Each structure stands twice: as structure tokens, then as C-alpha cells.
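The values are calculated or read from the model by the stated rules, or taken from the named source; none is laboratory data. Just so it is clear, the model here is predicted, and its values are computed rather than measured. Here the Cβ is made from the backbone with ideal geometry for all residues, glycine too, and neighbour counts use every protein chain on show.
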Amino acid sequence: MSRKIRYGMVGGGRGAFIGAVHRIAAAMDQQIDLVCGAFSSDPEKSKASGDDFFLAPNRCYGSFQEMILAEAALPADQRMDFISIVTPNHVHFPPAKLALETGFHVLSDKPATFDLAEAKELAALVKKSGRIYGLTHNYTGYPLVKEARELVKTGKLGKVRKVVVEYPQGWLATRLEASGQKQASWRTDPKKSGAGGCVGDIGTHAENLAEYISGLQISELAADATSFVKGRKLDDDVNVLLRFRGGAKGVLHSSQISVGEENNLNIRVYGELGGLEWHQNEPNTLLVKWLDQPMQVYRTANGYLSSAAKGASRTPPAHPEGYLEAFANIYKNFANAIRAREEKRKLAKDDPANDFPKIEDGVRGMAFIQAVVTSSGNNAAWTKLDV
């Protein structure tokens, strides 16, 4: 397949933060081209956004329905290969459903859908369509997150006993949504965000990271979700006790009212023989701790790392890599999975092209949100994930 993978974007027009991140990530490895888009529910704004990206006017659509159907009618050597969904949560499912039914692959921002029922329906659609579905839990793209996963998977830490994962932010410590700030407004609106506020926005990142590194799945939880800011309709602080299949225990907290915190995602995993610690604020360092040895410091891009970690690095040691590069790793692997599908190559389970979050992760994320909301509503009662 001697060409770039082509994609169309749903959402992400002028004034949208995450759309620009997706476009940068998709372009980083020069394997993917943006060829069309429905960048806004306002057709004029969508066209203006397309002008910003130097797209042909006839490939800038007024709605995702128009884009998907028009692209499907184009010759195979011109149409997009997949759609990238970068809208608020309530507009994740409809374009994903139509794209899958029309024969396109889908890469979506998280969480996968508005609620768990939609996520389960989407999972059935993915299976029926035979198309590839990916989810941008981008923190799994960091090289040393992959190294942490390898350390657990190869048994070097022994059986996992405890996982502690945190994602505190402080940007919603005041009622920012009342000022009309776009990013705050939709995230705190249950009609657009869904049943969870903080837990859906960043708690799902913490949940996904914990399961990705540990290789374990959360079976049940006890949660205390709070809306500290007066007048806010959704949670802005969540504290959760976790029980994993296999017996490990965990603690997860996500917060958007932790004053002074930026995006302080961090995780600690403890096994019978050793432990590890990773902080997104210093993503190029992984601390590895042992029962009977001094603590080791792993650094990105060094030769002693696993092939998974080295394959996710782009620059030599001490040349910092971060958020955008991690995001790009999701796009790169997703595009390579499409390329393999088009070339009728079956990928091995451990092939890097298979290393991106899938619909199963999306369903688990939505089940996590529902379980947190249910548990908190029942005075932190232990609640099983409905998956």
C-alpha cells in the first residue's frame, strides 16, 4: 500500500483545543493526511476551518452525515480511510455508528460514547462491520508507560498487589462554566458530558492507564464523587477504591478542583518483587524499585529499554518527548493497523500496530463511569462493573 492513510475529522474546528492536538499527532510521522472534515455543526464555520487547513472547499462538509455519505461515493483512490471524532461526548456515537455502517474505520476521542448502552451497541457494530475502531487514551502512547507495562507483563515485579493512580487538575476550582468558557461549559453539562463530569473527562484516563500497565481489569469499586463548586451539576472530585480480578487492590482519585495542579497524572504499581512509579509531569523518567536492590531510574530512548518502549520513541536520549508524541503513537499504530488490513496482512497479537486502545477499552471506560456514579449514589457501596 504505497500511499498515506487518509482521514476526515468530525469536530475540531476554530476554537477547539483537542482538534488541533489530533491534527498535529496525525501528521507527526508523515503517514496520514487530513483530506476532509465536518469541523462544526455550523456549515459556515466548518468551511472556514477547512480553509484554515488548506482543504479543498468541496471536501469541507456541513455535517458528519454529509461527509460520510459523500466520501463513500468518491472513488476508492480519493476517499478517506477513517474518521477522527473530536467532539463533545454526546456526539461520539452517531458519527461512529454511521461511519462503521458505511465502511469506514473510526478513531474517537474518549470516552467512547455518551453512556454505557451506546458503548455496548457500538461494540456490536464494530464486530459486525469488521472495521477497525480506536480510542485516544493517549497516555498509553508514552514510551515509559509501555516500558512499565513490559516490566509487569514479563513478571519482573512479581504478582501485582496494589495500584495507585491519580489525575488531579485545578482548572475547574471555580465555576468557570458560568463565564461561557467553551471547554468548561460542555464538560460540566450532563446533556453533553453524560452522567460523569470529572470521572468521565479524566477519571477514565486514570482507569485506562491502571489497566493498561497492570494488565489487570477492575472488577468492582467503591466510589465517593463530589461536586464541590456550588451550582455545578456534575462531579468535580472523585475518590475510588478498586478491586482487580486476581486479587490486587487499588486506589484511584481524579479531581478538577485541586488548586495549583495542572495535569498531574501519575501511577504507582507494586508487585511481590518490586514496584514502579511514573509521572506525566516528568514522562521521560520511570522509577523502578526492588526489595533488595537500590532504586533504578529508567530514561526514554535508551538501549536497555524493551522494544515496545524504544519503538515508541522518536528522538535520542535527553531530547524530551511528551504529550504530542504519545498522542502520535496512537495515530501511528492505528494507521499501521489499517495499512495491514488493506494489505490483507494478519497482525500478530504483540505487533506494535495492535497497540492502541480499542472498543473493549471504551466499553470498560463507560462501565467504570456508570459504576462510580452508581456507587457514589449508594453511599460508596461496592459496585461491579457492568461489562
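Structural remarks
- Test: residue in region 64-73 that is on the phi < 0 side of the Ramachandran plot, part of a loop (DSSP other than H, G, I, E, B) and among the acidic types (D, E): no
- Checking each residue in region 348-357 for being under 22 Å from the mean Cα position of the chain (by Cα) and either aliphatic (A, V, I, L, M) or surrounded by fewer than 18 Cβ atoms within 10 Å (Cβ to Cβ) (or both) picks out K349, D350, D351, A353, N354.
- Filter pass, V21 being within 21 Å of K358 (Cβ to Cβ), out of contact with any Asp or Glu (no Cβ under 6 Å at 6 or more places or on another chain), modelled with pLDDT of 95 or more and not in a strand (DSSP E or B): yes
- Any hit, region 97-105, residues being part of a loop (DSSP other than H, G, I, E, B) and touching a Cys at 6+ places or on another chain (Cβ under 9 Å): no
- Residues of region 285-307 classified as of a type in the set (A, V, I, L, M, F, W, C) and either assigned to a loop (DSSP other than H, G, I, E, B) or free of Cβ contacts under 8 Å to residues at least 12 places away in the same chain (or both), total: 5
- Test: residue in region 360-374 that is hydroxyl-bearing (S, T, Y) and either surrounded by fewer than 21 Cβ atoms within 10 Å (Cβ to Cβ) or touching a Ser or Thr at 6+ places or on another chain (Cβ under 6 Å) (or both): yes
- Residues in region 328-347 that are touching a strand residue (DSSP E or B) at 6+ places or on another chain (Cβ under 7 Å) and surrounded by fewer than 22 Cβ atoms within 10 Å (Cβ to Cβ): R339 alone.
- Residue check for R232: of a type in the set (D, E, K, R), more than 21 Å from the chain's Cα centre (by Cα) and modelled with pLDDT of 95 or more: yes
- Looking at S254, S214, just one residue is assigned by TED's automatic domain parsing to the domain that holds V165, among the small types (G, A, S), touching a Cys at 6+ places or on another chain (Cβ under 9 Å) and surrounded by 23 or more Cβ atoms within 10 Å (Cβ to Cβ), and that residue is S254.
- Residue-level check: of (1) basic (K, R); (2) closer than 23 Å to V10 by Cβ; (3) at pLDDT 95 or above, K182 misses just (3).
- Unmet criterion (only one of (1) crowded, with 21+ Cβ neighbours inside 10 Å; (2) in contact with a strand residue (DSSP E or B) (Cβ under 8 Å, 6 or more places away or on another chain); (3) polar (S, T, N, Q)) for T285: (1)
- Residue count for region 128-174 satisfying the condition of being in contact (Cβ under 8 Å) with a residue 60 or more places away in the chain, closer than 30 Å to D81 by Cα and part of a helix (DSSP H, G or I): 7.
- The condition (being touching a residue at least 24 places away in the same chain (Cβ under 8 Å), among the acidic types (D, E) and not in a strand (DSSP E or B)) is satisfied by just one residue among E321, E282: E321.
- Among (1) more than 26 Å from D355 (Cα to Cα); (2) assigned to a helix (DSSP H, G or I) - the single one I213 does not satisfy: (1)
Per-residue answers, yes or no, for (1) among the polar types (S, T, N, Q); (2) modelled with pLDDT of 95 or more; (3) part of a helix (DSSP H, G or I):
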residue: S313; (1), (2), (3): yes, yes, no
residue: I330; (1), (2), (3): no, yes, yes
residue: F334; (1), (2), (3): no, yes, yes
residue: A340; (1), (2), (3): no, yes, yes
residue: V373; (1), (2), (3): no, yes, yes
residue: A380; (1), (2), (3): no, yes, no
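- Selection status of E147, over 20 Å from E207 (Cβ atoms), acidic (D, E) and buried (at least 22 other Cβ atoms within 10 Å of the Cβ): yes
- Top-ranked residue of region 216-245 - restricted to ones that are of a type in the set (D, E, K, R) and part of a strand (DSSP E or B), ranked as nearest to I18 (Cα to Cα): D237
- Residues of region 108-127 that are in contact (Cβ under 8 Å) with a residue 40 or more places away in the chain and in contact with a Leu (Cβ under 7 Å, 6 or more places away or on another chain): S108, K110, A112, T113, V126.
- Region 191-205: number of residues that are crowded, with 24+ Cβ neighbours inside 10 Å and either among the hydrophobic types (A, V, I, L, M, F, W, C) or modelled with pLDDT under 95 (or both): 2
- For first residues located in region 194-207 and outside the structural domain of H92 (by TED's automatic domain parsing) and in a loop (DSSP other than H, G, I, E, B), partners that are of a type in the set (D, E) and surrounded by 24 or more Cβ atoms within 10 Å (Cβ to Cβ) and lie 6+ apart or on another chain with Cβ distances below 9 Å form the pairs G196/D235; G197/D235; G197/D236.
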